[in-house]
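*Asks:* If you scroll down you'll find the structure; I have some questions about it.
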Amino acid sequence: MIVIGELINGMYKDVARAVANREADIIQHLALEQVKDGASMLDVNMGPYSKDPARDMRWLVETIQAVVEVPLSLDSTKADVIEEGLKITKKRAVINSTSADPERMDIIFGLAKRYNAQVIGLTMDKSGVPNSKASRLELAQTIVAKAIEYGINTEDLYLDPLLLPLNVAQPQAVEVLESIHEFRLLCNPAPQVIFGLSNLTQGIKSRSLINRTFLTMAIANGLTAVILDPLDKKLMDALITAELLLNKNIYCDSFLDAYRKK
Ligand code: THG
């Protein structure tokens, strides 16, 4: 499972403040902690408060790369902000993200080709996030077709069915679960399938329990990557255990420790 740590996000007030004041130690601590706890990549998101997102992106990427070696997921709605990051990432980056909107896809897949980056494709368009599995699948097909047109290897494409909060869109959780399996069948080689797990429980109690239960179900349905909080130990234990039960790792009494060491 590709685990992308979500904590460097300007949505968090302490992160937004650290970026504004150029407090490198706060960002570097978050980077180191997430990697120590199992993140194989880090999401980098300026959040809504940045006054100069392109400069902030450059500073964040430099600051993070000074202490960890993992690849970065450059998370922005602005293509020029993503490009600032692409210019200086040392490891192959993930562009987070394009929608199925044709103009956006042309810009993002163009950048992906130019910088040899991977791409997350959100199954939404100008009319928003669809309700049903069927409309998510239609948008996913549109994204796959465009990626192939640009000569992107479909293994480097991550399809994201977009998880919405349970308290506003409860019936959609099962639509997302079922779409995972179908996304995997869309092309050969199969695309990655990813979602932002914490979206599910924004503003909800029993957050950790719901997150880890849903993640387990999604892994069983074929999820290959996930954006989450790697500092949630019970969540990471559930992820490791789900992979064990799917026969991805060999059992031993200390399987949790063994997985963490590798
Ligand atoms: N898909 C893709 N990228 C994404 C998302 C996705 N990037 C952003 C987001 N969704 C994933 N990252 C987060 C990060 C934090 C939270 C949720 C998703 C979160 N934050 C606290 C909250 O709302 O309770 C914020 C608390 C605070 O303000 O301090 O939940 O779906 N491709």
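Every read-out reported here was derived from the displayed coordinates using simple, explicitly stated rules and does not represent laboratory data. No experiment lies behind these values; they were computed from the predicted model shown. Using ideal geometry, Cβ is built from the backbone for each residue, glycine included, and neighbour counts are taken over all protein chains shown.
*Asks:* Just report the Cα centroid separation between region 159-231 and region 98-119, whole Å.
*Replies:* Region 159-231 and region 98-119 have Cα centres spaced 23 Å from each other.
*Asks:* Could you tell me what a quarter of the Cα convex hull surface of region 47-182 works out to, in nm² with one decimal place?
*Replies:* 9.0 nm²
*Asks:* Two decimals, Cα atoms only, Kirkwood Rh: what is Rg/Rh over region 1-44?
*Replies:* Answer for region 1-44: 0.99.
*Asks:* What would the Debye formula give as log10 I(q)/I(0) at q = 0.23 Å⁻¹ for the alpha-carbon point model of region 155-216, no solvent?
*Replies:* Taken in order of the listed q values, log10 I(q)/I(0) reads -0.92.
*Asks:* Considering the convex hull of the alpha carbon atoms of region 61-105, report its projected area averaged over all viewing directions, in nm², one decimal.
*Replies:* 3.2 nm²
*Asks:* Please rank Arg184, Arg212, fewest neighbouring Cβ atoms within 10 Å first, as an exposure proxy.
*Replies:* Arg184, Arg212
*Asks:* Any of Lys91/Lys146; Lys233/Lys261; Lys13/Lys36; Lys36/Lys234; Lys51/Lys126; Lys113/Lys146 with alpha carbons more than 18 Å apart? Name them for me.
*Replies:* Table pairs above 18 Å Cα-Cα are Lys91/Lys146; Lys13/Lys36; Lys51/Lys126.
*Asks:* Right, next: Using Stokes-Einstein with the Kirkwood hydrodynamic radius over Cα pairs, what translational diffusion coefficient do you get for the chain at 20 °C and a viscosity of 1.002 mPa s, in µm²/s rounded to a whole number?
*Replies:* Translational D for this selection: 115 µm²/s.
*Asks:* Where the Cα atoms of region 186-235 are projected onto their three principal axes, how long is each span, largest first, in whole Å?
*Replies:* 40, 19, 17
*Asks:* Moving to a separate point now. Hey, could you get me the Stokes-Einstein D for region 23-103, Kirkwood radius over alpha-carbon pairs, 20 °C and 1.002 mPa s, rounded to whole µm² s⁻¹?
*Replies:* 166 µm²/s
*Asks:* Continuing with the same structure: Where does the chain land at 222 nm, in deg cm²/dmol rounded to the nearest 500, when only DSSP H runs of n ≥ 4 count, each adding -39500 (n - 2.57), divided by all residues?
*Replies:* Result for the chain, helices only: -14500 deg cm²/dmol.
*Asks:* Considering every pair of different Cα atoms, what Kirkwood radius, in Å, is found for region 111-262?
*Replies:* Result for region 111-262, one decimal place: 16.4 Å.
*Asks:* Over all distinct Cα pairs, what is the inverse of the mean 1/r for region 127-171, reported as the Kirkwood hydrodynamic radius in Å?
*Replies:* After inverting the mean inverse Cα-Cα distance, the result is 11.9 Å.
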